[in-house]
Structures are given as C-alpha cells and as structure tokens.
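Single-structure report; data block below.
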Amino acid sequence: MSGAVVPIAAEYDGGLVARVIQAVNARIKAERLRVGDALPSETAFASELGVSRTAVREAFRALAALGVLQLVNGRRARVGATDASVLGLVLDHAVHTDRVSIQQIYDVRRTIEGRTAALAALRRSEMEARGITAHAAAMRAAFFRPDETMEHDIAFHTAIAAASRNPLFALIVGSFEAITRQTWRIGWDSRATDQDRMASVACHERIAAAIAAREPRAAEAAMAEHFDNSVKALLAAGVV
C-alpha cells in the first residue's frame, strides 16, 4: 500500500474527526481498495494528518457504524462491506420522525420490487428459482403460524432481490426488513378472513411461478398486485 498522504482540502472547516473521515474515504477511493483490504494504522493516520490517535479512533468507529470499515481488536481496520441494516436504520428513523410515511415506503417498494421480480425471472439460476418457490410453499405450510409465515415472506423478497443480480436492489430490499417486521402482522391480521390471507399467500406463489417460468411481465404484474393488496390491508388497519 502506498504511503502517500491523502490531501485534505484547505477550506474544509469540519472538526478533527470529520477531517479524518474525509481522509479515510479519500484513501479508499484513491487506492481503489476493496472489501477486506487493510488501511493504515491509527498511528499512521494520526501522523499523516497531524491529529491525535483519539480523533482517528473516533473516526474509525463512526465509519464502522456505517459499515464503511470493519474493526477487529488488535488488527488494522479493513474496508467493510455494504450493510442493508444501516440504510434500514435510516428508513426506520425517517418513518418514526414522520419524515416518511409507511405508504410512501410501500410505494417505493412496489416500484423497486416489481423490477427485481422481472429481473429475477430473466436472470435467476435454477437453484434460486427453487429457493423462491420453496419460500412461497413454506408460507402456505406455515399459514396458521403467522410468525413463521412472516419469516418466509421476508426471505422470499430477499431471495428475489438477490436473483435480480443487482447488488443495489438487494441492498435496498434488505433495508426494508425492519419496517416490514413492524407492519407485517398488522397487515396480516387486518385481512378479514383466512380466505383473504390465503389470497396473499397465493399471490406469492404466482410471483414464484412466473419467475420459475422466466416470465418477467407476469412476475412484475403479480408483484404489483401483491403490494396493492398489502397497502389496502394497511389502510384498513389505519397504518397508512
């Protein structure tokens, strides 16, 4: 790894920790580091930037909380992998501070997950198709155990996003998990009858079947139907 000092803009007026954060990000970009690559030590950064190790340590911790760095005691910091839970925390905060509504979240999900379903139908492997189908079947099998049904539902959407072959879609869909866990049971219980709840399960099965048959338009249409019905259920419960 090069020992070159990463320059910091002279006009930057942030605190010491913010300066270090900027420098770490600049180093990752300048040296084209990848997930798992090691960064210079706290001592090295402190010396290069003319700041204390405490400032570097706090910057590293802040970046680790965002998933930018991975910290292990006794070892140098490494470049971290993107983490859906970080974006999920931001979305959860936005909802609970009334910056974003549940209906707005579902509007975005409808758009994004319609696309992931279509792409999954085009790009999925046979193993992925079987996995998606298996989660839909497990939802039916666990019908009278709603907590299990929810887990397979979440896994179903996650598997479709992964099969889209677009890691950004997988990241975004994964970030919806925390909110889904808060609203799923409300939507399930707000459906008037078991027949209505089973209709939701059947819609998942149609999505899975379309993906397995490599029918992107049918997969996208079934996903749109699923989210339209989910929003109706949440409206009935007074959530959106």
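No lab work stands behind these numbers, since they all come straight from the coordinates. In this text, all values refer to a predicted model and were calculated from it rather than measured experimentally. Ideal geometry is used to build each Cβ from the backbone, glycine not excepted, and the neighbour counts take in all protein chains shown.
Annotations for the structure displayed:
- Extension gain, THR54 to ARG145: 0.36 nm times the residue separation minus the Cα-Cα distance gives 27.7 nm.
- As an equivalent ellipsoid, the range 16-79 spans semi-axes of 16, 13, 11 angstrom, where each value is the square root of five times an eigenvalue of the C-alpha gyration tensor, largest first.
- All-pairs alpha carbon distance profile, the range 1-142, 10 Å steps from 0, percent: 10, 27, 23, 22, 15, 4, 0
- Principal-axis tilt of helix 177-190 within the chain, Cα atoms, nearest 10 degrees: 20
- LEU33/ALA236 FRET efficiency (R0 35 Å; Cβ-Cβ; nearest 0.05): 0.10
- Backbone amide hydrogens, once placed in the peptide plane, bring LEU69 within less than 5 Å of ALA64, GLY80, excluding anything fewer than 5 places away on its chain.
- Around the amide H of ASP37, modelled in the peptide plane, lie the amide H atoms of VAL79, all under 5 Å away and 5 or more residues distant in sequence or on another chain.
- With Cα atoms, 0 to 90° folded angle of helix 84-96 axis to the chain main axis: 70
- Stretched out straight at 0.36 nm per residue, the stretch from ALA62 to ALA199 would grow longer than its current Cα-Cα span by 44.8 nm.
- Unit Cα scatterers, Debye sum, the chain: log10 I(q)/I(0) for q = 0.08, 0.15, 0.17, 0.18 Å⁻¹: -0.42, -0.96, -1.11, -1.19
- Folded to 0 to 90 degrees: helix 16-30 orientation relative to the chain principal axis, Cα: 80
- Paramagnetic label zone (point 7 Å from Cα along Cα-to-C-beta, THR97; backbone N under 20 Å) in the range 15-29: 15, 18
- The residues packed around GLU151, meaning those with a beta-carbon under 15 Å from its beta-carbon, carry a net charge of 0 if Lys and Arg are +1 and Asp and Glu are -1.
- The gain in end-to-end length when the LEU89 to VAL72 segment is fully stretched comes to 3.8 nm, 0.36 nm per residue minus the alpha carbon separation.
- Kirkwood-Stokes translational diffusion coefficient of the range 170-213, alpha-carbon pairs, 25 °C, 0.890 mPa s, µm²/s: 203
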